[in-house]
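Accompanying notes for the structure given below.
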Amino acid sequence: NLPLRVFGIVANELLLSIPFFTLMGAILERSGLAEDLLEGFAQLFGGLPGGLAYAVIMVGAILGAITGTVAASVIAMGVIALPIMMRYGYSARLSTGVIAASGTITQVIPPSLVLIVLADQLGRSVGDMYLGALGPSLAQVAIFMLFIFVMSLIQPQSMPPLPPEARTLRGLALLKKVAAGVVPSLALIFIVLGTIFLGLATPTEAGAMGVVGAIGLAAAHRRLNWKMIREGMESTMNITVMVIFILIGATVFTLVFQGVDGGIWVEHLFLSVGADDPVTFLIVVNIMIFILAFFLDFFEIAFIVIPLLAPVAEKLGIDLIWFGVLICVNMQTSFMHPPFGFALFYLRGIAPKSIKSSEIYLGAIPWVGLQLLLVGILIFFPEIVT
């Protein structure tokens, strides 16, 4: 049975989309698109208190809708936006927090890798999972924007507007700059998401077209070279191999666990928790996954924990698309809190030494709270997904 399962993993065409989206993100990270987007939005919002933070959130959402990988978004924005924010007097906690959080929105916004993995584990179509995630991803962006607006009223000194001499673009020049970043982004979003939603392409085919689009964009910015392609393929290979080995390990674990009737035990345990009210089951599951996310990567949670919980959710009459998107929103936090907050590690790697690690960790706390707020909203208002 085990060899057949391992062969099934390696032959799974849906999981083939993971290396495509990873390679696309790696190429876009080096293509110059993030610079265009950030520069345009920084000039557009720069006159407002917290203007650079609004720009980072907007760019994080757009990059998320193109790349599907957290590392690409956080690193690209950290390298470009963090020095500018520090130069113009933004507090270190706010700057690092907003960059890390905006990068992790990528996990919820289609074409998120997490949603592909969850769709595979829950036995649902990726297109349906992506459609279900649209509402929550827009809600997450709105919550982040609202938080910056409230903080700009309470602590304007921590996020001053850009001085007039820094806002060099106005009128038609500003419009051209914003369009230079937004138009290629919308084209790529259509190539990837539009083709999936219209039923013209599978996620794997859309990922392949996205890679071609990213290479074209890099060529247009005159950044395309063999070094970039090689580095992108190396990082893609590392991530893909890691995912496959986690999945094979999880399969061995599940096989043994099911062999000793562990699945039945888990089912009885959670059915007794949510027997009267599915909402109680969802609250307990989300608390458990939030705690597990402190110690496990999202791939491990998706491959080991979700197959045990999905049958229980289905028996309780819970829509599995709603369940999957809810878990996905919760697993954003795994990137944002210690000890394995990868977004914080990426930031630490590129942030100047003058920013202490404690500032990066403390800066992430309010954003984890905002992500959990969305989990609560989705539990009580499933219509946002369904």
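The values are calculated or read from the model by the stated rules, or taken from the named source; none is laboratory data. Remember, it's a predicted structure, so these values are computed and weren't measured experimentally. Cβ coordinates were reconstructed from backbone atoms using ideal geometry, including for glycine residues, and neighbour counts include every protein chain displayed. Side chains included, ligands, DNA and RNA excluded: accessible areas come from the protein's heavy atoms. Shrake-Rupley method; radii C 1.70, N 1.55, O 1.52, S 1.80 Å.
If only one of 325, 368 is assigned to a helix (DSSP H, G or I) and either surrounded by fewer than 23 Cβ atoms within 10 Å (Cβ to Cβ) or of a type in the set (Phe, Trp, Tyr) (or both), which one is it? Before the answer, list the steps.
Working: 325 fails: either surrounded by fewer than 23 Cβ atoms within 10 Å (Cβ to Cβ) or of a type in the set (Phe, Trp, Tyr) (or both).
None of the others qualify; the one that does is 368.
Taking residue 263 and the conditions (1) small (Gly, Ala, Ser); (2) in contact with a His (Cβ under 8 Å, 6 or more places away or on another chain); (3) open to solvent by 10 Å² or more (accessible area, probe 1.4 Å), which numbered condition does it fall short on, given that it satisfies the others?
For residue 263, the failing item is (2).
Identify all residues within the range 1-20 that are at pLDDT 85 or above and open to solvent by less than 60 Å² (accessible area, probe 1.4 Å); write none if there are none. Steps first, please.
Filtering the range 1-20 for residues at pLDDT 85 or above gives 19-20.
The one that is at pLDDT 85 or above and open to solvent by less than 60 Å² (accessible area, probe 1.4 Å): 19.
Is it the case that the range 63-78 has a residue that's polar (S, T, N, Q) and open to solvent by 20 Å² or more (accessible area, probe 1.4 Å)?
no
Select from the range 103-137 the residues that are closer than 22 Å to residue 75 by Cα and among the hydrophobic types (A, V, I, L, M, F, W, C) and write down the one among them that is surrounded by the most Cβ atoms within 10 Å (Cβ to Cβ). Let's see the steps before the verdict.
Step one: of the range 103-137, the residues closer than 22 Å to residue 75 by Cα are 103-115, 137.
Restricting the remaining residues to those that are among the hydrophobic types (A, V, I, L, M, F, W, C) gives 105, 108-109, 113-115.
On the way: 105: 23, 108: 26, 109: 28, 113: 24, 114: 26, 115: 25.
So, considering only residues that are closer than 22 Å to residue 75 by Cα and among the hydrophobic types (A, V, I, L, M, F, W, C), the one surrounded by the most Cβ atoms within 10 Å (Cβ to Cβ) is 109.
Taking the condition of being part of a helix (DSSP H, G or I) and among the hydroxyl-bearing types (Ser, Thr, Tyr), how many residues in the range 168-199 meet it?
The number of residues fulfilling the criteria is 2.
Can you tell me which residue in the range 27-48 is surrounded by the fewest Cβ atoms within 10 Å (Cβ to Cβ), limited to those that are within 20 Å of the chain's Cα centre (by Cα) and in a helix (DSSP H, G or I)?
For the range 27-48, the residue satisfying everything is 35.
Are any of the residues in the range 267-275 closer than 14 Å to residue 308 by Cα and without any contact (Cβ under 8 Å) to a residue 12 or more places away in the chain?
Going through the range 267-275, the residues closer than 14 Å to residue 308 by Cα turn out to be 267-271.
So of that shortlist, the ones also without any contact (Cβ under 8 Å) to a residue 12 or more places away in the chain come out as 268-269.
Looking for residues that are closer than 14 Å to residue 308 by Cα and without any contact (Cβ under 8 Å) to a residue 12 or more places away in the chain, one finds at least one in the range 267-275, hence yes.
If you scan the range 72-91, which residues turn out to be in contact with a Ser or Thr (Cβ under 8 Å, 6 or more places away or on another chain), of a type in the set (Gly, Ala, Ser) and more than 23 Å from residue 182 (Cβ to Cβ)?
91
Could you identify the single residue in 216, 210 that is more than 21 Å from residue 108 (Cα to Cα) and assigned to a helix (DSSP H, G or I)? First the steps, then the outcome.
Details: 210 fails: more than 21 Å from residue 108 (Cα to Cα).
After applying the criteria, what remains is 216.
So if I check each of 160, 164, which one is at pLDDT below 85 and surrounded by fewer than 19 Cβ atoms within 10 Å (Cβ to Cβ)? Spell out how you get there, then give the answer.
Details: 160 fails: at pLDDT below 85.
Only one candidate passes the filter, namely 164.
List, please: which pairs have Cβ atoms under 6 Å, are six or more places apart or on different chains, and start with a residue in the range 186-204 that is touching a residue at least 40 places away in the same chain (Cβ under 8 Å) and end with one that is open to solvent by 60 Å² or more (accessible area, probe 1.4 Å) and outside any helix (DSSP H, G or I)?
Filtered contacts from the range 186-204: 204/13.
Within the range 332-355, how many residues turn out to be open to solvent by 50 Å² or more (accessible area, probe 1.4 Å) and either touching a Leu at 6+ places or on another chain (Cβ under 9 Å) or assigned to a helix (DSSP H, G or I) (or both)?
Residues of the range 332-355 that are open to solvent by 50 Å² or more (accessible area, probe 1.4 Å), as a first pass: 338-340, 342, 345-346, 348-350, 352-354.
With either touching a Leu at 6+ places or on another chain (Cβ under 9 Å) or assigned to a helix (DSSP H, G or I) (or both) added as a condition, the list becomes 338, 340, 342, 345-346, 348-350, 352.
Going through the range 332-355 one residue at a time, the tally reaches 9.
Restricting attention to the range 311-322, report how many residues are in a helix (DSSP H, G or I) and either open to solvent by 10 Å² or more (accessible area, probe 1.4 Å) or without any contact (Cβ under 8 Å) to a residue 24 or more places away in the chain (or both). Don't jump to the end; show me each part of the working.
So the first thing to find is which residues in the range 311-322 are in a helix (DSSP H, G or I), and the list is 311-315, 320-322.
Now drop any that are not either open to solvent by 10 Å² or more (accessible area, probe 1.4 Å) or without any contact (Cβ under 8 Å) to a residue 24 or more places away in the chain (or both), which leaves 311, 314-315, 321-322.
Going through the range 311-322 one residue at a time, the tally reaches 5.
Please specify each residue of the range 75-93 satisfying the condition of being closer than 18 Å to residue 47 by Cβ and either assigned to a helix (DSSP H, G or I) or among the polar types (S, T, N, Q) (or both).
Filtering the range 75-93 for residues closer than 18 Å to residue 47 by Cβ gives 81, 84-85, 87-90.
81, 84, 85, 87, listed by residue number.
So residue 176 passes all but one of these: (1) open to solvent by 40 Å² or more (accessible area, probe 1.4 Å); (2) touching a residue at least 60 places away in the same chain (Cβ under 8 Å). Which condition number does it fail?
(2)
Which of the following residues is at pLDDT 80 or above, open to solvent by less than 50 Å² (accessible area, probe 1.4 Å) and part of a helix (DSSP H, G or I): 245, 281, 270?
None of the others qualify; the one that does is 281.
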